[in-house]
């Protein structure tokens, strides 16, 4: 799952498809060009935590990432924790 499907994410989406990965893009703009290259797309804001988490669970994803989208980096950690039920490396070293 790739959060964002705008022009800045297209090269990453196309590379993932080229690597034979099943690509799901998430973006609230259905006309964004990255959706043209992915296998599936979710019409949801990349900052809608519950919406993205719901889609991730429904589609049984294996991984989630973003490229060139500063707005969702910290949000991505919350989604990752919520879906994969893991802690970050930093939390493992804090007392």
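Any read-out appearing in this document is the output of simple, stated calculations on the displayed coordinates, not a laboratory observation. Just so it is clear, the structure is predicted and the values come from calculations on it, not from any experiment. When we count neighbours, we look across all protein chains shown, and the Cβ atoms used for this are built from the backbone with ideal geometry, even at glycine.
Observations, loosely collected:
- Length added when fully stretched, residue 21-residue 48, from 0.36 nm per residue minus Cα-Cα: 7.3 nm
- In segment 1-50, the ratio of gyration radius to Kirkwood radius, Rg to Rh, stands at 0.94 when only Cα atoms are counted.
- Placing a pseudo-label 7 Å from each Cα along the Cα-to-Cβ vector at residue 14 and residue 61 gives an inter-label distance of 2.2 nm.
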